[in-house]
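Novice: Please read through the structure below; I'll follow up with questions.
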Amino acid sequence: MTMTMRLDDPPAVAKTAAPPTTGKTHAEAEVRLQVRNLYKIFSADPKPALAMLNAGASKAEVLDKLNVNVGVMNASFDVRAGEIFVIMGLSGSGKSTMIRLLNRLIEPSSGEILLDGRNLTQLSRRELVEVLRRDMSMVFQSFALLPHLTALDNAAFGLEIAGVDKTARRDAAMVALQQVGLGAYAHRYPREMSGGMQQRVGLARALANNPTIMLMDEAFSALDPLIRTEMQDELLRLQREQKRTIIFISHDLDEAMRIGDRIAIMEGGRIVQVGTPYDILRAPADDYVRSFFRNVDVSRVLRAGDVARFEASNTIVRVPGVLGPALQQLTESGHFYGYVRDNENRFQGIVSRDSVAHALRSGEPRFLTAFLPGIEPVTSDLPVHTLLRRVAAAPCPVPVVDANGIYLGAISPSVLLETLDRGA
Amino acid sequence: MDGKIGIGVWAERLVTFILDHFQPSLDAIAAVVDGFGGGIDAALLGMPAWVLGGVIAALAFWRVGVGFGVFTLGSLGLIYGMGLWEPTASTLGLVLSSTLLSLLVGVPLGIWMAGNRIAEQVGKTLLDFMQTMPAFVYLIPAVMFFGLGRVPGIIATVIFAMPPAVRLTMLGIQQVPGELVEAGRAFGCHPHQLLFKVQLPNAMPSIMAGVNQTMMMALSMIVVASMIGAGGLGNVVLQGIQRLDIGLGFESGLSVVLLAIVLDRITQSFGSVKAPARRFAFLTRLRPAAAR
């Protein structure tokens with residue numbers, strides 16, 4: 001089968017597929033979408049170009065020699081369930097081609113796309129249509145709303161195509177419109193709406209058939225900055241309510257950092273680096289990636305979860321009424337403060353050697369009496385620049401928890417300063 | 001014949017060949033066209049003048065506006081007063097039937113050409129040929145194949161008037177924004193759903209412009225086709241020429257012009273699909289305001 005022809009990794013790409021090191025929140029999440037050695041050659045016969053690329057030629061050389069355009073070359077990455085995976089690159093880097101390969105708006109020349117283990121590149125048209133109707137939807141840069149339909153009917157478009165009857169699809173579309181705050185505008189036509197509202201309809205259309213995977217192609221790039229931020233918040237809010245797997249194309253680093261759980265950076269059809277914003281910021285793969293981050297305000301990009309350091313030695317598992325081992329652990333590890341969590345990893349409070357010793361002496365050896373008052377944990381999605389004062393003022397490293405109260409680690413002033421220094 | 005290249009001879013031979021071998025198909029085509037044209041003709045002439053005139057004026061009033069409705073009523077009244085109602089109604093019937101036949105063939109052809117490169121290249125060449133060929137030339141094979149009368153008139157008119165329908169359908173579909181087509185495909189459209197739910201609705205203004213053009217060309221051709229006995233106002237014009245009757249020529253010419261204006265404005269109004277939606281937009285606009 002030519003479609004799945006395996007090609008050896010050219011050396012330049014070998015480092016790209018390295019698994020991220022600090023994807024704390026998603027480390028255990030299952031992989032939904034696997035892309036393996038994906039190529040797109042814009043030519044009726046991709047073989048000569050594939051052979052050239054395989055021999056180590058670059059995109060420019062292939063264009064020069066064969067007059068054939070290479071869209072994507074040897075792309076491999078995993079997208080995990082429930083994450084926002086941002087593919088970022090400058091125009092011409094192949095990111096728009098990449099997203100269109102995933103739902104086969106553009107047919108891949110070679111390689112595999114596995115959705116839940118099922119190879120999309122092998123599906124017949126009919127099978128693909130089933131997958132598109134059930135599992136995937138797409139949001140477009142230019143909104144791509146049908147001008148002759150109202151917002152409601154536009155939102156219902158995917159369901160109409162799938163053959164859902166009129167009342168059912170309108171109900172579902174109405175729910176989707178309400179989700180994006182457009183319930184009152186259901187009967188307006190696209191031309192009667194602003195760009196931001198139109199893209200909300202585009203979003204509602206993508207939500208209406210309740211897909212598990214959403215492809216967003218520069219979805220907010222055509223909007224002005226204020227509305228863009230508003231839409232990003234909207235997307236993050238929707239994502240909090242209902243976890244979907246989102247693949248988001250962007251050329252805007254701030255946007256990528258803001259909404260991306262992980263980011264893939266593309267250049268010249270290749271994927272240069274994949275990782276969490278923090279990973280990429282900390283260890284850019286090459287100068288191209290580094291140049292992206294040159295003008296970034298690190299404190300606004302990084303969130304508390306990125307900076308928090310988890311150490312097993314100062315993390316104490318709460319065993320009600322048993323304080324002795326806690327004191328022993330702190331003394332032996334040399335830590336003065338201990339972070340207490342329950343056996344489901346939920347954050348309970350902070351103790352110090354003194355407070356534990358005091359509680360033991362008081363004749364009431366309970367964690368409740370040992371907890372230090374006045375130190376609240378911060379949530380992992382807060383940008384670092386909002387934490388500076390709290391970290392500076394706290395007597396101990398500030399604990400960080402996720403939305404479910406799970407303890408992720410703590411931020412000390414020295415770690416914070418180091419992080420800010422590295423970004424500069 | 002000395003030194004001449006005998007293309008004319010070959011054309012003649014081709015016509016003879018078709019006549020000899022395809023007579024049954026020609027008869028079938030003739031029967032269909034005759035039934036179609038005759039049906040519409042009979043329907044229009046069967047109606048009392050005031051009913052047909054009323055319907056046309058009502059259309060003008062609804063689609064274009066009060067002023068044009070009055071103009072239409074006046075024009076039709078004038079035609080009736082000049083005693084030319086019957087040939088005008090007959091011409092209208094011929095125009096309608098040849099326009100409908102042109103669309104029946106032309107729109108699917110345009111759709112096909114929009115999606116197929118080879119069909120587009122061949123089709124475009126053919127359309128150029130059809131449009132540059134002098135209109136009268138179509139009358140000759142039409143007469144050869146179908147004799148005199150309404151049928152060859154309609155067929156020659158269909159050939160002459162079809163190109164804009166094909167061209168503008170093709171153009172309309174090709175000009176649907178790429179992301180709209182992508183959206184259709186991304187949400188799992190089958191090809192026919194893409195055509196009927198995305199491409200055709202978006203190509204509608206262009207297709208309606210094609211309808212308008214086709215109808216205008218059909219009107220001009222059907223007058224010429226009276227030379228082979230198509231009937232209608234063209235016959236009256238022809239009489240005027242033959243008798244050098246300036247009055248009759250002017251009256252019939254004026255009727256053609258008035259009919260052309262009325263048809264043009266009414267079909268043009270269908271080109272802006274948004275018109276009716278906008279007219280009732282105040283109803284929908286009330287809702288969000290009330291909900292706020």
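Novice: About its Cα centre, how strong a charge dipole does the stretch A:307-423 have in debye, to the nearest 20, once Lys and Arg get +1 and Asp and Glu get -1 at the Cβ? Walk me through the numbers on the way to the answer.
Specialist: On the way: 10 positive and 11 negative charges, 37 e Å.
That gives the stretch A:307-423 a dipole magnitude of about 180 debye.
Novice: Please identify the helices of chain B, taking whole runs of DSSP H, that span at least 18 Å along their own axis as judged from the Cα atoms and have a mean Kyte-Doolittle score of -1.0 or higher. Write out the running numbers ahead of the final one.
Specialist: Working: long enough: B:7-21 (21 Å, 0.86); B:23-46 (32 Å, 0.92); B:49-63 (21 Å, 1.56); B:66-81 (22 Å, 1.57); B:85-115 (44 Å, 1.21); B:117-132 (23 Å, -0.09); B:150-174 (36 Å, 1.23); B:200-224 (35 Å, 1.18); B:246-271 (37 Å, 1.26).
Result, helices passing both filters: B:7-21, B:23-46, B:49-63, B:66-81, B:85-115, B:117-132, B:150-174, B:200-224, B:246-271.
Novice: Pairs of lysine in the protein assembly as shown with Cα under 15 Å and at least 8 positions apart or on different chains: total? Present the calculation step by step, with values, prior to reporting the outcome.
Specialist: Details: A:Lys40/A:Lys59; A:Lys40/A:Lys95; A:Lys47/A:Lys59; A:Lys47/A:Lys65; A:Lys59/A:Lys95; A:Lys166/B:Lys197.
Eligible lysine pairs with Cα atoms under 15 Å apart amount to 6.
Novice: Which of rounded, prolate or oblate describes the stretch B:58-188 when judged by the alpha-carbon gyration tensor and an a/c cut-off of 1.5?
Specialist: Judged from the Cα gyration tensor, the stretch B:58-188 comes out oblate (a/c at least 1.5, b/c at or above a/b).
Novice: Right, another one. Just want the answer: with Cβ charges of +1 for Lys and Arg and -1 for Asp and Glu, which residue in B:Leu73, A:Met174, B:Leu180 is farthest toward the dipole's positive end in the protein assembly as shown?
Specialist: The residue sitting most towards the positive pole is A:Met174.
Novice: A further question follows. Hey, what did chain A get for relative contact order, percent, Cα under 8 Å, at least 6 apart?
Specialist: Details: 781 pairs, mean separation 67.6, N = 424.
The normalised contact order for chain A reaches 16 percent.
Novice: In the calculated pair distance distribution of chain B, what percentage of Cα-Cα distances lie above 34 Å?
Specialist: 32 percent
Novice: Order these peptides, A:184-194, A:254-264, by their mean beta-carbon neighbour count within 10 angstrom, highest first.
Specialist: Highest mean packing first, the order is A:254-264, A:184-194.
Novice: Report, as an integer, the average count of C-beta atoms from other chains found within 10 Å of each Cβ along A:129-138.
Specialist: Mean shielding count: 3.
Novice: Another question about this same structure. Among A:105-117, A:204-216, B:44-56, how do they line up by average Cβ neighbours within 10 Å per residue, starting with the highest?
Specialist: Ranked by mean Cβ neighbours within 10 Å, highest first: A:204-216, A:105-117, B:44-56.
Novice: In peptide B:187-197, how many Cβ atoms from other protein chains are near each Cβ within 10 Å, on average?
Specialist: Mean inter-chain Cβ contacts per residue within 10 Å come to 5.
Novice: Helix A:324-333 versus the longest principal axis of chain A: what angle, 0 to 90°, nearest 10, using Cα atoms?
Specialist: 70 degrees
Novice: Report, to one decimal in Å, the Kirkwood hydrodynamic radius for the stretch B:131-193 based on all distinct Cα pairs.
Specialist: Taking every pair of different Cα atoms in the stretch B:131-193, averaging 1/r and inverting gives 14.7 Å.
Novice: Rounded to the nearest whole Å³, what is the per residue volume of the convex hull around the Cα atoms of the protein assembly as shown?
Specialist: 234 Å³
Novice: Still on this model: In whole angstrom, how far apart do the alpha carbon centroids of the stretch A:363-420 and the stretch B:1-66 sit?
Specialist: Taking the Cα centre of each part, the stretch A:363-420 and the stretch B:1-66 sit 87 Å apart.
Novice: Over the stretch A:307-423, what portion of Cα pair distances is larger than 23 Å, expressed as a whole percent?
Specialist: Values: 1884 of 6786 pairs.
When every Cα pair of the stretch A:307-423 is considered, 28 percent fall beyond 23 Å.
Novice: Within 10 Å, count the other beta carbons around each residue, average over each peptide in B:62-70, A:336-344, and list them highest first.
Specialist: Details: B:62-70: 14.6, A:336-344: 17.1.
Descending packing order for the listed peptides: A:336-344, B:62-70.
Novice: Under the definition of Cα pairs under 8 Å and six or more residues apart, what whole-number percent is the relative contact order of the stretch A:307-423? Show your work: numbers first, answer last.
Specialist: Numbers: 183 pairs, mean separation 30.4, N = 117.
Relative contact order comes out at 26 percent.
Novice: How far is helix A:225-241 tilted off the main Cα axis of chain A, in degrees rounded to 10, range 0 to 90?
Specialist: That works out to roughly 70 degrees.
Novice: In addition: Specify the residue with the greatest mean-square fluctuation among A:Leu33, A:Leu145, A:Leu368, computed from a Gaussian network of chain A linking alpha-carbon atoms under 10 Å apart.
Specialist: Judging by the Gaussian network model, the answer is A:Leu368.
Novice: So what is the orientation-averaged projected area of chain A, using the convex hull of its C-alpha atoms, in nm²?
Specialist: In nm², the orientation-averaged hull projection of chain A is 24.3.
Novice: Once Rh for the stretch A:343-386 is found with the Kirkwood sum over Cα pairs, what is the Stokes-Einstein diffusion coefficient at 4 °C and 1.567 mPa s, in µm²/s? Before the final figure, lay out each step's value.
Specialist: Working: Rh = 12.2 Å.
Translational diffusion coefficient: 106 µm²/s.
Novice: Mind checking the mean number of beta-carbon atoms from other chains within 10 Å of the Cβ atoms in A:142-149?
Specialist: 6
Throughout, read-outs are computed from the coordinates displayed, never taken from laboratory work. Quick caveat: nothing in here was measured; it's all calculated off a predicted structure. Here Cβ is always computed from backbone atoms with ideal geometry, including for glycine, and neighbour counts include all displayed protein chains.
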